[in-house]
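> Have a look at the structure that comes next, please.
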Amino acid sequence: MCQPSDIVFPSIVVELELTDFDADQRLLAMSGVSLVIFTSVGCASCRFAREQLPGLDLEVDRLCWIDAGNNGGVVERYQVFHLPALFVVRDGEFFGALKSRLTSTELNAAVGLALSRTAEELP
């Protein structure tokens with residue numbers, strides 16, 4: 001019999017792992033809204049984000065994970081100073097950092113606010 005601990009809920013959105021080598025070209029090529037999340041293995045808040053974000057009802061097309069410990073170039077370009085760090089990219093355009101608690105309501109509001117700003121080129 002299936003036990004409750006055996007049930008794995010599928011992710012609501014597509015998830016991608018990006019690196020120094022492919023982050024820019026993949027973000028430029030993708031249409032729709034991408035939530036770019038910088039994390040690190042040793043960060044408890046990052047582990048929480050990795051567990052929770054895929055299951056939230058977010059108004060984004062994909063989650064793009066970047067391991068900050070292994071991708072210093074993209075970390076430097078995005079000026080990441082704390083983890084987890086979240087950014088919004090839509091149709092290859094950069095809409096800046098998000099400052100939000102990791103709940104669907106607050107993240108969706110923060111994404112909407114970010115998308116109302118003037119777009120910039122990717123860092």
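The values are calculated or read from the model by the stated rules, or taken from the named source; none is laboratory data. Keep in mind it's a predicted model, so treat the numbers as computed, not measured. Here the Cβ positions follow ideal geometry from the backbone for every residue, glycine too, while neighbour counts run over all protein chains shown.
> If I filter region 26-39 for residues that are farther than 21 Å from D91 by Cβ, touching a residue at least 24 places away in the same chain (Cβ under 8 Å), part of a loop (DSSP other than H, G, I, E, B) and in contact with a helix residue (DSSP H, G or I) (Cβ under 7 Å, 6 or more places away or on another chain), do I get at least one hit?
no
> Next question. Count, please, the residues in region 83-123 that happen to be under 16 Å from L63 (Cα atoms) and polar (S, T, N, Q).
4
> Being hydrophobic (A, V, I, L, M, F, W, C), at pLDDT below 95, over 16 Å from V13 (Cα atoms) and surrounded by fewer than 19 Cβ atoms within 10 Å (Cβ to Cβ), is that true of even one residue in region 24-31?
The answer is no; no qualifying residue exists.
> Name the residue that is farthest from the chain's Cα centre (by Cα), counting only residues in region 68-91 that are part of a loop (DSSP other than H, G, I, E, B) and buried (at least 17 other Cβ atoms within 10 Å of the Cβ).
Among them, the one singled out is N71.
> Then there's this: Look at A97 and say whether it is modelled with pLDDT of 95 or more, over 16 Å from D22 (Cα atoms) and within 12 Å of the chain's Cα centre (by Cα).
In short, yes.
> Name the residue that is farthest from E120 (Cα to Cα), counting only residues in region 40-55 that are hydrophobic (A, V, I, L, M, F, W, C) and in a helix (DSSP H, G or I).
Step by step, filter region 40-55, then rank; the result is A44.
> Continuing with the same structure: Looking at G96, G72, which one is free of Cβ contacts under 8 Å to residues at least 60 places away in the same chain, among the small types (G, A, S) and under 15 Å from A110 (Cβ atoms)?
Answer to the check: G96.
> Here are L63, L58: which of them is modelled with pLDDT of 95 or more and in a loop (DSSP other than H, G, I, E, B)?
Sole residue among the options that is modelled with pLDDT of 95 or more and in a loop (DSSP other than H, G, I, E, B): L58.
> Among the listed residues S34, S45, S11, S40, identify the single one that is modelled with pLDDT under 95 and either surrounded by fewer than 20 Cβ atoms within 10 Å (Cβ to Cβ) or closer than 21 Å to T118 by Cβ (or both).
From the options S34, S45, S11, S40, the qualifying one is S11.
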